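Participant: I'd like to ask some things about the structure below.
We did not get these values from a lab; they are worked out from the coordinates using the rules stated. From a predicted model like this one, the values you see are computed outputs, not experimental measurements. Cβ placement follows ideal geometry from the backbone for every residue including glycine, while neighbour counts extend to all protein chains displayed.
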């Protein structure tokens, strides 16, 4: 039998190819304070939440909203005054 062990686990869910491509884009594309890229990332997050989120395994459902928050917060934090950034980075 040429089946990977992990595929036999009851909790195994095959992730959609398009979802993996969207996730890869989010994780590998830096924003560099570029408004266009930030908007593109936001639309990708929206698409993931609308089309894939309910079908994702628990681990992915945990990662996506947290990554979304960090990615978009990091973008907006870069635009804040320096004193406020220092205060927020304490947390």
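Participant: When only residues in segment 18-34 that are assigned to a helix (DSSP H, G or I) and touching a helix residue (DSSP H, G or I) at 6+ places or on another chain (Cβ under 9 Å) count, which is surrounded by the fewest Cβ atoms within 10 Å (Cβ to Cβ)?
Facilitator: 27
Participant: Please count how many residues of segment 39-52 are farther than 11 Å from residue 19 by Cα and buried (at least 18 other Cβ atoms within 10 Å of the Cβ).
Facilitator: Looking only at that region, the number is 1.
Participant: Tally the residues that are more than 25 Å from residue 48 (Cβ to Cβ) and not in a loop (DSSP other than H, G, I, E, B), restricting the search to segment 1-16.
Facilitator: 2
Rundown of residues vs (1) more than 18 Å from the chain's Cα centre (by Cα); (2) under 18 Å from residue 65 (Cα atoms), yes/no style:
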| residue | (1), (2) |
| --- | --- |
| 3 | yes, no |
| 7 | yes, no |
| 12 | yes, no |
| 15 | no, yes |
| 21 | no, yes |
| 24 | no, yes |
| 29 | no, yes |
| 37 | no, no |
| 43 | no, yes |
